[in-house]
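Okay, so here's the structure we're looking at.
Laboratory data are not the source of any read-out in this text; all were calculated from the coordinates shown. What you see is a predicted model, and the numbers here were worked out from it, not measured in a lab. Glycine also receives a Cβ, built like all others from the backbone with ideal geometry; neighbour counts cover every protein chain displayed.
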Amino acid sequence: MVNVSRQVELSMLWVVKDGACHFWYDNWLGNGALFLQATVIPNLSFSNFISNGHWDTSRLCQSLPSQMVTSILNHPVPEEGGEAEVIWMPTSSGNFSLASAFRDIRQARNTSMVFDRIWHPCLPLKVSFFMLRLLLGRLPIPDSLRNIGFHLPSKCFCCPLPSEESIEHLFSNGNIASTIWNYFGAACGFDLSASSLRLRIVGWWLKSYDSEIRRFIGRVLPCLVCWHIWKARNKAMFDDVQMRSIAICHAIFSEIQSMVGIYLKKPLRVPSFYHLYDWPNSSEVGFTYKLVRWETKESGRLTLNTDGCSKGNPGVGAGGGVLRESNGLPLIGFSAYFGETTCLLAEARALLIGLQISAHRGFLNLNVQSDSLLLIGILQHRIHCPWYIRRVIRQIWQIMEDPDRFSHCYREANTVADVLSNEGVSHPQQQLRIYETFNTFPPMARGAIRLDKLGMPSIRKIRLV
């Protein structure tokens, strides 16, 4: 019980403002309350460790261990105004839910690839639960019932000369099962003859596919094969309907065709499974090409392009950006090193730094372009803002309130910011570099600026689905 309470406490984060968050006893750093790791000095609170809007490093070093001082200095100084917020960290919204609390405190085992793959969003839940029982050997088949003390006569329904019914025989090596696996395997150029059931299923899941549609088919097909074999077996047992491999293959093809249509969000009608599997290579699927170039949204207004990156997500992150006139001439650029971070947070921090630098130099009449659809959706109030970037987003809105000033651009039109973002990863010893003149920009950024100024387009390949 103590461990559970401790885990729940660590999951609750206080966002400090002028409210009643306690410096020593609340989890405002995100790694536990300070009293658990340091001696409490009752008379000291947040106000004692902040001087002129910054952390008082000397006072912190006098009162706390060095490793805790480092964590505090990396934490933003508490905002002024408003009440302190309590954030539930296991959810992106910051709101508490029983499901997230259960996931947070339960003793989870390592995830099994086999059992993970059966829970596909396009598979009906009854199929996923059936596959769980099948892989655990919990189906009411004579060989499984024998293990719990029920000895029943055993005769399969899938062979001309009936033999003992077992999971391996019914779903993998029997006459009907072998025919079905071979039919779909031949259509996909895949052969796992005379294999156990688990090897057949895992073989389909681990196979390398050259298209998204084929990968989807390979993910759901093994479950559908087992499901329809089971349905046909039960009809044979209870309704005296003979198991026929042709009918089972047709039922599997019909269901997987519907699933592919739902997956592609368009009606799909093909004459056979061979055509369905080969559909990505047929004439119905093609590509179009679009010319993409950097363009200002409004003539006469400055444009700020920013980008962020995280090598690993989370991993070592950085950001960069460039402010340009409508003719493409750069006014100022920057690259920043962020340390350990996520892609979305790096994108948001890069945009905030770009706006702060622009505002500091008096450039206020500007538009913002980013290649992050998620970030632009958040800034335009169309997408819910995750709690861990909420502070940065608020600071961005304080500088620029109009959502119409934020717009999405393709990555090919954001090349300069992308180059500067990757440049930021290379200078961890220098948190922020500012490029005041064109010649101070990195060589690759200068080349991209020249191409954008000339209006040179990039070719973006778009798949037609």
Restricting attention to the alpha-carbon atoms of segment 254-360, what are Rg (one decimal) and Dmax (integer), both in Å?
22.4, 65
At a Förster radius of 41 Å, what calculated FRET efficiency corresponds to the Cβ-Cβ distance of ASN365 and ASN31, to the nearest 0.05?
0.45
Of all alpha-carbon pairs in segment 302-464, indicate the percentage at a distance above 24 angstrom.
29 percent
Where in the chain are the DSSP H helices whose C-alpha atoms run 20 Å or more along the long axis and whose mean Kyte hydropathy is at least -0.5?
212-238, 245-264, 343-360
How big is the C-alpha Rg of segment 96-236 next to the rule-of-thumb value 2.2 N^0.38 Å, as a ratio?
1.19
Computed FRET value (nearest 0.05) for GLN67 with LYS265, which takes r as the C-beta separation and R₀ as 41 Å:
0.20
Of the options ALA84, THR39, LEU221, report the single residue whose Cα projects farthest towards the positive end of the charge dipole of the chain (beta-carbon charges: Lys, Arg +1; Asp, Glu -1).
LEU221
At R0 = 45 Å, FRET efficiency that the Cβ-Cβ distance of SER178 and ARG382 yields, to 0.05
0.30
Calculate the dipole size of the chain relative to its Cα centre from +1 charges on Lys and Arg beta carbons and -1 charges on Asp and Glu beta carbons; express the result in debye to the nearest 20.
1140 debye
Enumerate the amide H contacts of SER458 below 5 Å, restricted to partners 5 or more residues apart or on another chain; note that Pro and chain-start residues carry no placed amide H.
VAL292, ARG293
Added length on full extension, which subtracts the Cα-Cα distance from 0.36 nm per residue, PHE287 to GLN430:
47.1 nm
Just list whichever of LYS266/LYS297; LYS266/LYS461; LYS126/LYS235; LYS155/LYS235; LYS265/LYS311; LYS297/LYS453 have alpha carbons separated by over 26 Å in the model shown.
LYS266/LYS297; LYS265/LYS311
Under 5 Å between amide hydrogens, which residues at least 5 positions from ILE50 or on another chain qualify, with H placed 1.01 Å from N in the peptide plane?
ASP56
Farthest towards the positive end of the dipole of the chain, among ILE167, SER100, ILE383 and with Cβ unit charges of +1 on Lys and Arg and -1 on Asp and Glu, lies the Cα of ILE167
Sorted from largest to smallest, which semi-axis lengths in Å does the alpha carbon gyration tensor of the chain give for its equivalent ellipsoid, taking the root of 5 times each eigenvalue?
55, 34, 17
Determine the calculated [θ] at 222 nm for the chain from helices alone, applying -39500 (n - 2.57) to every DSSP H run no shorter than 4 residues and normalising by the residue count; nearest 500 deg cm²/dmol.
-12000 deg cm²/dmol
With 10 angstrom as the radius, rank GLU295, GLU340, GLU255, GLU347 by how many other C-beta atoms surround their C-beta, starting from the fewest.
GLU340, GLU295, GLU255, GLU347
